[in-house]
1. Given 0.36 nm per residue, what is the gain on full extension from Ala206 to Asp257 after removing their alpha carbon distance, in nm?
2. Defining a contact as two alpha carbons under 8 Å apart and six or more residues distant in sequence, what relative contact order in percent does the chain show?
3. Work out the charge dipole of the chain with +1 on the Cβ of Lys and Arg and -1 on the Cβ of Asp and Glu about the Cα centre, then indicate which of Ala282, Gly242, Gly105 is farthest towards its positive end.
4. For Cys287, what is the net charge nearby, where nearby means another residue's Cβ is under 13 Å from its Cβ and Lys, Arg count +1, Asp, Glu -1?
5. On a 27 Å Cα-Cα criterion, which of the cross-link pairs Lys10/Lys81; Lys97/Lys268; Lys106/Lys271 come out too long?
6. Relative to the Cα centre, what is the charge dipole magnitude of the chain, using +1 at the beta carbon of each Lys and Arg, -1 at the beta carbon of each Asp and Glu, and rounding to the nearest 20 debye?
7. Rounded to a whole number of µm²/s, how large is the Stokes-Einstein D of segment 156-301 at 4 °C and 1.567 mPa s, given Rh as the Kirkwood radius over C-alpha pairs?
8. Cα centroid distance between segment 79-132 and segment 168-186, in Å?
Amino acid sequence: VKRFVVCNQKGGVGKTAVTAGVGQALAESPEQLYPVAISKHFAVARTSADPAADVTAVEQLPGPGLRVLLVDFDPQGHLTKQLGHELLHLDGDSLTKHMAGEAKGKLEDLVVAVEDDRFDDRLHLLPSCTDAFLLDVKLSGVRAREAALERALSPIESDYDVIIVDCPPSLGLSMDAAAYYGRRRDAESLGNSGILVVVQAEDSSADAYGLLTNQIDDLRSDMHLELDYLGIVVNHYDARRGYIATSSLDSWMAIRDPRVVGLVGDLKEQKEAVRVKQPLLAYAPQCPQSLALRALAREIA
Ligand SMILES: Nc1ncnc2c1ncn2[C@@H]1O[C@H](COP(=O)(O)OP(=O)(O)O)[C@@H](O)[C@H]1O
Ligand SMILES: [Mg+2]
């Protein structure tokens, strides 16, 4: 199973939007054609507000038809709510309880389907529960706690082709567990699983990125992990913001390793889809953001 860990301890950059969009794109039906962005430089859609950059062409491709599990690993539960589901009840089982070894039932009983014809029954969600706010405290008493997420998810892994973890905006034990889950396993090929970092095309995002990569470097050396980057997604890109946006996009591109694997414009459809609690690719399947998310999904999967 491919494991994508979507992270950045800065809030509001679009981790949840990217998790949801990539998952939807990968689960779309192989029996239908969908528009996917292609650009001269890398497969992304830029906003048409930047004529010079608007080199995007569109290709019609069949959906990948993969079985996808979205894991809402953020106690705020934005992913759960925007896909039209409820948070799990505090007094029942939850991912946190499974990770802490306190669960009574099976993890698979907590999983729900994200319904739409284009996904058939391939797109599933493990909803969040507010008890995840206590996860770091609970994990401090657990043995081999960095492996807690892996232990919890292992009984259902074989039901999926791809598992995408939407991380909370924090650096702590829960982030360690998520990063550990994304490590390269024995005999797994390079870049099959790993970390997807979502950033914004603005300068304050770069500081947060530095903090995150430091933590990831520490994890790699402390735990002797092979932890790959799937890449950087530059979200909320709006060329009309001028030099701040374009120059900061250039500096993200200049990093090269990890490379920029997606560029998503700042568009109203994302917010509208959240408002009506529908998956973006079902709500606005033809909008530039859906095209860019399909391209991103194909770039990393
Ligand atoms: N590309 C985008 N264009 C417009 N709005 C976006 C975009 N990406 C995210 N948003 C909106 O920005 C807010 C924060 O995004 P979210 O994915 O929740 O960030 P995070 O998970 O990093 O905190 C949400 O209201 C979301 O709908
Ligand atoms: Mg989020």
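1. Taking Ala206 through Asp257 to full extension adds about 16.9 nm, to one decimal.
2. 29
3. The one lying farthest along the dipole's positive direction is Gly242.
4. So the environment of Cys287 carries a net charge of 0.
5. Correct reply: Lys97/Lys268; Lys106/Lys271.
6. 280
7. After rounding, the answer is 78 µm²/s.
8. 19
Since every read-out is calculated from the coordinates, none of them should be taken as a lab result. Note that this is a predicted model, so its numbers are computed, not measured. Neighbour counts run over all protein chains shown; Cβ positions are idealised from the backbone, glycine included.
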